[in-house]
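Read the figures in this text as sums done on the coordinates, not as results from a lab. This structure is a prediction, so every number in the text was calculated from the model and none was measured. Heads up, the Cβs are rebuilt from the backbone with ideal geometry, glycines too, and the neighbour counts pull from every protein chain shown.
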Amino acid sequence: MKNTSKHEGLRNQLAKQLEEKGILDKRVLEAIKLIPRHLFLDSSFEDFAYQDKAFPIAANQTISQPYTVAFQTQLLQVKTGDKILEIGTGSGYQTAVLVAMGAKVYSVERQNELFKTTKALLPKLNIHPKFLSFGDGYKGLPDYAPFDSIIVTAGAPIIPKALMAQLKIGGRLVIPLGKDKQIMTMLIRKNETQFEKHEFGECRFVPLLENKN
Ligand code: SAH
């Protein structure tokens, strides 16, 4: 599949819709305009790739809805050079958005099939995260910690302690919290022991599962 001016036009329209839905961070919108979402999906979804919807990817998982990607990314207040940990690489689309914003991205995926596919795809699109890991996101990546921010892209029943420990002071952890449906939750680390909690309404994600598969 190619990335044509038709796709670019559709991306501009998508970015406009996201702005109307309240995404105001221009750098997030620029990244949405840049990343060819249709290349992260099976070719049968090409015609729908720029609708603001989630779609199935391999291993019974989903590529998040663009609004959700943009909303979570906006909460992170990404700055160029930020070191960001992503839990749930999936299709790699969220990873690509963060890389396009100049972040150094470390991403963990527990499904081996998705891990392998996405690791092969991203360099072909000239997208270079710092590190893609096959593992259990509940554990984070202690060897690479601390992180400026952490984004979890699956529904977590609890906030994993390991992730809180791997956040820099002043850093932000954005996580959909809950079982069947989730509340988008953000923790800001105030100091060694204190975290400030913010909640942003309901959302629905595939579950954050334990161990590798
Ligand atoms: N960011 C992805 C969203 C994928 S859906 C995208 O833009 O496409 C959530 C992903 O989290 C799935 O790929 C799922 O396999 C993965 N996941 C679930 N539990 C996990 C865990 N414990 N550790 C790492 N990844 C996990």
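For beta carbons closer than 8 Å, sequence separation of 6+ or different chains, a first residue in the stretch 192-213 that is free of Cβ contacts under 8 Å to residues at least 60 places away in the same chain and a second that is within 8 Å of the ligand (Cβ to nearest atom), the qualifying pairs are PRO207/ALA154.
Considering only residues in the stretch 86-123 that are near the ligand (Cβ under 7 Å from one of its atoms) and of a type in the set (Gly, Ala, Ser), the one that is surrounded by the most Cβ atoms within 10 Å (Cβ to Cβ) turns out to be GLY92. Taking the conditions (1) within 15 Å of the ligand (Cβ to nearest atom); (2) under 23 Å from ALA54 (Cβ atoms); (3) surrounded by fewer than 19 Cβ atoms within 10 Å (Cβ to Cβ) in turn, CYS203 satisfies each one other than (3).
Of PHE134, PHE147, PHE195, all but one fail to be farther than 14 Å from GLU86 by Cα and either in contact with a strand residue (DSSP E or B) (Cβ under 6 Å, 6 or more places away or on another chain) or buried (at least 16 other Cβ atoms within 10 Å of the Cβ) (or both); the exception is PHE195. Beta carbons closer than 8 Å, at least 6 apart along the sequence or on distinct chains, pair a first residue in the stretch 40-62 that is on the phi > 0 side of the Ramachandran plot with a second that is surrounded by 13 or more Cβ atoms within 10 Å (Cβ to Cβ) and of a type in the set (S, T, N, Q) for ALA59/GLN111; ALA59/ASN213.
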